[in-house]
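Novice: Next up is a structure, given as structure tokens.
The values are calculated or read from the model by the stated rules, or taken from the named source; none is laboratory data. This is a predicted model, so every value here is computed, not measured. Neighbour counts run over all protein chains shown; Cβ positions are idealised from the backbone, glycine included. Calculation scope for accessible area: heavy atoms of the full protein, side chains included, ligands and nucleic acids excluded. Shrake-Rupley method; radii C 1.70, N 1.55, O 1.52, S 1.80 Å.
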Amino acid sequence: MEDILICAAEAIVDGGRGVRFALTAGGADATGFVVRHGGKAYGYLNRCAHVPIELDWAEGEFFESSKLYLMCSTHGAIYVPETGQCAGGPCRGGRLRPIAVVEHDEQIYWQPDDYVRPARA
């Protein structure tokens, strides 16, 4: 499995700004993001389960004000950071598409799968 560098581990803090990264999802250009919650890094496709639009209201701003949930800036759908499961709003039981992330050597990397792949050059 290929590990693709996203950022330095120190670039994301608990409940703080996430880091976006380019990728291809199902053959289309898209972005993923990584955030930290409860000390652990989580990665997701930057696409709301309700309507396929990006979540962040300003680049890297994924958490709502309490820092307990990720929130779609357009419709207010909220998601549990650890699972991507919808916790309220119009997403009705949907979930964010997880992206495998690993943290080692003080860096954070993502791992492609059958759906998410490195961005085309």
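Novice: Taking the condition of being in a strand (DSSP E or B) and in contact (Cβ under 8 Å) with a residue 60 or more places away in the chain, how many residues in segment 74-99 meet it?
Specialist: 1
Novice: Residues that are on the phi < 0 side of the Ramachandran plot, open to solvent by 40 Å² or more (accessible area, probe 1.4 Å) and among the small types (Gly, Ala, Ser): does segment 80-87 have at least one?
Specialist: The answer is yes, given that some residue of segment 80-87 is on the phi < 0 side of the Ramachandran plot, open to solvent by 40 Å² or more (accessible area, probe 1.4 Å) and among the small types (Gly, Ala, Ser).
Novice: A further question follows. Check ALA58, ALA22, ALA87 and return the single one that is hydrophobic (A, V, I, L, M, F, W, C) and over 23 Å from ALA119 (Cβ atoms).
Specialist: Unique residue meeting the criteria: ALA87.
Novice: Please go through segment 105-121 and pick out each residue that is in a loop (DSSP other than H, G, I, E, B) and either touching a helix residue (DSSP H, G or I) at 6+ places or on another chain (Cβ under 7 Å) or among the polar types (S, T, N, Q) (or both).
Specialist: GLU106
Yes or no, residue by residue, for (1) in contact with a strand residue (DSSP E or B) (Cβ under 6 Å, 6 or more places away or on another chain); (2) modelled with pLDDT of 95 or more; (3) open to solvent by less than 40 Å² (accessible area, probe 1.4 Å):
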position: ALA9; (1), (2), (3): yes, yes, yes
position: ASP14; (1), (2), (3): yes, yes, no
position: ARG17; (1), (2), (3): no, yes, no
position: ALA25; (1), (2), (3): yes, yes, yes
position: THR31; (1), (2), (3): yes, yes, yes
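Novice: With the structure loaded, tell me whether PRO112 is in contact (Cβ under 8 Å) with a residue 60 or more places away in the chain, open to solvent by 10 Å² or more (accessible area, probe 1.4 Å) and touching a strand residue (DSSP E or B) at 6+ places or on another chain (Cβ under 7 Å) or whether it fails that test.
Specialist: So PRO112 passes the test.
Novice: For segment 44-54, state whether one or more residues are in a strand (DSSP E or B), open to solvent by 40 Å² or more (accessible area, probe 1.4 Å), within 17 Å of ILE4 (Cα to Cα) and modelled with pLDDT of 95 or more.
Specialist: Looking through segment 44-54, none of the residues is in a strand (DSSP E or B), open to solvent by 40 Å² or more (accessible area, probe 1.4 Å), within 17 Å of ILE4 (Cα to Cα) and modelled with pLDDT of 95 or more.
Novice: Please indicate, with yes or no, whether at least one residue in segment 27-36 is in a loop (DSSP other than H, G, I, E, B), out of contact with any Pro (no Cβ under 6 Å at 6 or more places or on another chain) and in contact (Cβ under 8 Å) with a residue 12 or more places away in the chain.
Specialist: No - not one qualifying residue is present in segment 27-36.
Novice: Can you find, within segment 90-106, the residue that is modelled with the highest pLDDT among those that are open to solvent by 50 Å² or more (accessible area, probe 1.4 Å) and in contact with a Cys (Cβ under 8 Å, 6 or more places away or on another chain)?
Specialist: ARG95
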